[in-house]
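The structure appears right after this line, and notes come after that.
The values are calculated or read from the model by the stated rules, or taken from the named source; none is laboratory data. Since the model is a prediction, treat every value here as computed from it, not as a measurement. When we count neighbours, we look across all protein chains shown, and the Cβ atoms used for this are built from the backbone with ideal geometry, even at glycine. The area values use the complete protein model at the heavy-atom level, side chains included, leaving out ligands, DNA and RNA. Shrake-Rupley method; radii C 1.70, N 1.55, O 1.52, S 1.80 Å.
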Amino acid sequence: MGSDEQGGEPAIWLQALTKEYRHRRVLNEVTLRVEPGSVFGFLGANGAGKTTTIRILLGLARPTSGRALILGQDLAISPAQARCAVGFAPDVPVFPSWMRAQQYLRFVASTFSMNPAQATRRAGMLLEISGLSGISQPIGAWSRGMKQRLGIAQALLNSPRVLVCDEPTSALDPLGRKDVLDMISALSGRATVFFSTHVLTDVERVCDQMAVLDRGRLVAQGGIEQIKAQHGSGRRIIVEFTDLAPGDDPVKAVAAFGWCERVVSQQTNDMPLGDAALLVEASDERAAAHDLPALAAESRWGLRRLEPQELSLEDVFVDIVGPHAEEIS
C-alpha cells in the first residue's frame, strides 16, 4: 500500500470510512491517519461513532463504503493478516476467576500456537511490565485496576504492533488509573496505541495525537497543542479590577471591545465590595493586554490581575462539539 505526502506507512488508516445501519449513517466519510508508535486519543460524545470504528478495526463489522487499513492491510481484503497485528483491551476484561495470572496468560498463548517455553517467558515479562508479577491470588480476588492491567498484558501477548484500548481507565480509582496510564505511556514508540476514552485528562497525560468524532464526522485531528490552538474559542484571560464605584459595570465595559468574544463575571461572595473578577475570551490577546489596563486607568479602577489562562482539553472539546459534549464516552 502506498503512502501519502507525510511518507511512511500509517499504523491505522481510515479512508472515507462510512457505516450505515438500517439507513442511519453512523460514520460519515471518516478519514483518519494514525502514525506508527503514537499513543492516539480517540474522543467523541455518546453516539459519535467511536464504538462502530473500533468494531471495524477489530474486524467485527464491515464498512458500508470506504476502507480501513492496518499496517497497509485492508481489513476487507486481508482481514486475517490485518487482525494478526492487532491486540484489543476492552473496557471490562473478563477472566476465569479461578485461574492465576501466569496460568491464564499461558493458556491464551496456546491459542497463538506459542511453544510452552516461549509462552512462559512472554507471560513473565508482561506480568513484570504490568506490575503483576509475584501475585499468587486467583484473578477473581483482584481489584478492577489489576484486572485492567492484566487485560492489557493479555492484549500484548502476541506482540501486536497495534493495540486498541476501549475505555481502559473506565471506573478505576486514582491509583488504578495511574497504573494503567503508566503502562500505556510506556508503550509509546514501541507499539501504536489507539486509545478510546471518556477521561479527557487521560488523553492530555499520555497521548501525543488525538481525534474527535462528532455525530459520525471527524471534526478534529492532530497534536493536542495544535488542536487547542486551532479550535479554542479565544484566548482566555483572567482580569481582576478593584476600587469600582457603585453602578460601574465592568462586564459591559469589557464586552464593548471588538476583540472580546465573551466575558463572564467570576464574582464570589467573599470578594471585597468594589472588586470584580472577570473571565474574558479574546480573539486578539495583544489588543486585550493593551486595552484592559487602559480601561482600568480611564475608569479609575485598580488592576490587580491580568493573566492569560491556558485552555484545557475539556474547554476545547466543548468548543468543538458543542453543549452535548457534557456526556462523552
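At-a-glance table
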{"quantity": "Filtered residue count, the range 12-42, keeping only those that are on the phi < 0 side of the Ramachandran plot and either open to solvent by 10 Å² or more (accessible area, probe 1.4 Å) or of a type outside the set (Val, Ile, Thr) (or both)", "calculated": "21"}
{"quantity": "Number of the condition not met by residue 114 [criteria: (1) over 26 Å from the mean Cα position of the chain (by Cα); (2) open to solvent by less than 40 Å² (accessible area, probe 1.4 Å); (3) modelled with pLDDT of 90 or more; (4) among the hydrophobic types (A, V, I, L, M, F, W, C)]", "calculated": "(3)"}
{"quantity": "Some residue of the range 253-261 being touching a strand residue (DSSP E or B) at 6+ places or on another chain (Cβ under 8 Å), among the acidic types (Asp, Glu) and surrounded by 14 or more Cβ atoms within 10 Å (Cβ to Cβ)", "calculated": "yes"}
{"quantity": "Residue in the range 81-109 that is least open to solvent (accessible area, probe 1.4 Å), counting only those that are at pLDDT below 90 and part of a helix (DSSP H, G or I)", "calculated": "82"}
{"quantity": "Pairs where the first residue, in the range 112-133, is on the phi > 0 side of the Ramachandran plot and the second is not β-branched (Val, Ile, Thr), C-beta under 7 Å, 6+ apart", "calculated": "131/149; 131/179"}
{"quantity": "Filter pass, residue 120 being open to solvent by 30 Å² or more (accessible area, probe 1.4 Å) and β-branched (Val, Ile, Thr)", "calculated": "yes"}
{"quantity": "All positions within the range 149-172 that are over 18 Å from the mean Cα position of the chain (by Cα) and at negative phi", "calculated": "149, 150, 151, 153, 154, 155, 156, 157, 158, 160, 161"}
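Rundown of residues vs (1) aliphatic (A, V, I, L, M); (2) within 24 Å of residue 83 (Cβ to Cβ); (3) touching a helix residue (DSSP H, G or I) at 6+ places or on another chain (Cβ under 9 Å); (4) buried (at least 18 other Cβ atoms within 10 Å of the Cβ), yes/no style:
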| position | (1), (2), (3), (4) |
| --- | --- |
| 165 | no, yes, yes, yes |
| 182 | no, no, yes, no |
| 185 | no, no, yes, no |
| 189 | no, yes, no, no |
| 192 | no, yes, no, yes |
| 203 | yes, no, yes, yes |
